Every structure is written in structure tokens, then in C-alpha cells.
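*Asks:* Have a look at this one.
The values are calculated or read from the model by the stated rules, or taken from the named source; none is laboratory data. Since we're looking at a predicted model, the values are computed, not measured. Ideal geometry is used to build each Cβ from the backbone, glycine not excepted, and the neighbour counts take in all protein chains shown.
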Ligand code: CO
């Protein structure tokens, strides 16, 4: 049986990382924990912790129009892009989901933000929701 610990983050597509970080700061008082750029994923991203819940808002700005988040913005505009769940053991969880017939975008873990290991599940297998699994980052 797999174990989802909590919602690690909500990924939100935006056109301007600076403007969105400033919006979340000025409106909700959220502060910036880290900013990273990933050529592999085609995004610049910012992680903003939500209080002491252990959950984050992950703001995503595409590096170019021809990236997954760039195409998402073209089709749907700014908004929620994916949900990231924290799991105890990412490799085991992927194996059991794969056996259960869930379509995996990543059959093996890869590097995510803030040193985490991540993998995406295809939205076609999750009721239209792009779903990310995150192996708990070492504290
Ligand atoms: Co994410």
C-alpha cells in the first residue's frame, strides 16, 4: 500500500516569476524559500512555504514558449499546473502504480527542486490532473 504523506506543493504556471512572487508576498505574506532554473524541465521556479505546514506553492515560469509550461500557458493561461504529493519511497510507489496500470511520464525518479527526487504521472490516468510524486527531501 502506498503512502502519501501530505501535499508537498501546488505547481502554478505564471508568465512572470518576479511578478507572481511579489503578488504572493504582498497579498498573502508568503516568503521565498528558493529559486531555481531547470533546463531539463524548461522552467524557472520559485518555492514559497505555506506557514509551517510543510507544503509549498511552486511558481513556474517557462524558459520559452516551446516548453511544457509554455504550451500550457498558451492553451489554458495562468493557473494551477500540477499537484505534488510527498511519498515515503518514490521508486516503490512508481513500481506499484505502474503495475496498477497508471501511465507514468517518468518511470524512474529524477531530480526536482530543493534536492528532492520527483516523478510525474500522466494526467490521462489521474482524471485530468498532472500529478507529481516527491520523495521527502532530507531535512
Ligand atoms: Co512540481
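*Asks:* Kindly indicate the residue of the range 121-137 that is in a loop (DSSP other than H, G, I, E, B) and modelled with pLDDT of 95 or more and also nearest to the ligand (Cβ to nearest atom) among those meeting that condition.
*Replies:* Per the stated criteria, the residue is 130.
*Asks:* If you scan the range 1-16, which residues turn out to be more than 14 Å from the ligand (Cβ to nearest atom) and either closer than 24 Å to residue 76 by Cα or buried (at least 16 other Cβ atoms within 10 Å of the Cβ) (or both)?
*Replies:* 15, 16 - these are the residues of the range 1-16 that are more than 14 Å from the ligand (Cβ to nearest atom) and either closer than 24 Å to residue 76 by Cα or buried (at least 16 other Cβ atoms within 10 Å of the Cβ) (or both).
*Asks:* If you don't mind, there's one more thing I want to ask. Restricting to the range 33-52, give me the number of residues that are within 16 Å of the ligand (Cβ to nearest atom) and farther than 20 Å from residue 110 by Cα.
*Replies:* 4
*Asks:* Can residue 80 be described as loosely packed, with under 15 Cβ neighbours inside 10 Å and within 12 Å of the ligand (Cβ to nearest atom)? Reasoning before the result, please.
*Replies:* Details: loosely packed, with under 15 Cβ neighbours inside 10 Å: yes; within 12 Å of the ligand (Cβ to nearest atom): yes.
When the stated conditions are applied, residue 80 passes them.
*Asks:* Could you identify the single residue in 66, 92 that is surrounded by fewer than 16 Cβ atoms within 10 Å (Cβ to Cβ) and more than 23 Å from residue 121 (Cβ to Cβ)?
*Replies:* On the way: 92 fails: more than 23 Å from residue 121 (Cβ to Cβ).
Result of the check over 66, 92: 66.
*Asks:* Looking at the structure I just gave you, is residue 70 touching a strand residue (DSSP E or B) at 6+ places or on another chain (Cβ under 7 Å) and modelled with pLDDT under 95? Talk me through it step by step, then tell me what you get.
*Replies:* Details: touching a strand residue (DSSP E or B) at 6+ places or on another chain (Cβ under 7 Å): yes; modelled with pLDDT under 95: no.
Criteria not met by residue 70.
*Asks:* How many of the residues in the range 83-120 are within 16 Å of the ligand (Cβ to nearest atom) and either part of a helix (DSSP H, G or I) or touching a helix residue (DSSP H, G or I) at 6+ places or on another chain (Cβ under 7 Å) (or both)? If you could, list the steps in order and put the result at the bottom.
*Replies:* Restricting attention to the range 83-120, the residues satisfying the condition of being within 16 Å of the ligand (Cβ to nearest atom) are 83-87, 90, 93-94, 104-106, 109-120.
Then keep just the ones that are either part of a helix (DSSP H, G or I) or touching a helix residue (DSSP H, G or I) at 6+ places or on another chain (Cβ under 7 Å) (or both); that gives 87, 90, 93-94, 104, 109, 113-115, 117, 119.
Summing the residues that are within 16 Å of the ligand (Cβ to nearest atom) and either part of a helix (DSSP H, G or I) or touching a helix residue (DSSP H, G or I) at 6+ places or on another chain (Cβ under 7 Å) (or both) in the range 83-120 gives 11.
*Asks:* In addition: Give the range 39-53 a look and list any residue that's surrounded by fewer than 16 Cβ atoms within 10 Å (Cβ to Cβ) and either under 27 Å from residue 74 (Cβ atoms) or in contact with a strand residue (DSSP E or B) (Cβ under 8 Å, 6 or more places away or on another chain) (or both), or say none.
*Replies:* Going through the range 39-53, the residues surrounded by fewer than 16 Cβ atoms within 10 Å (Cβ to Cβ) turn out to be 39-40, 50-53.
Result: 39, 40, 50, 53.
Residues are listed down the side, and each one gets a yes or a no for (1) part of a strand (DSSP E or B); (2) touching a residue at least 12 places away in the same chain (Cβ under 8 Å); (3) within 23 Å of residue 85 (Cα to Cα); (4) more than 13 Å from the chain's Cα centre (by Cα):
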| position | (1), (2), (3), (4) |
| --- | --- |
| 9 | yes, yes, yes, no |
| 15 | no, yes, no, yes |
| 23 | no, no, no, yes |
| 37 | yes, yes, yes, yes |
| 46 | yes, yes, yes, no |
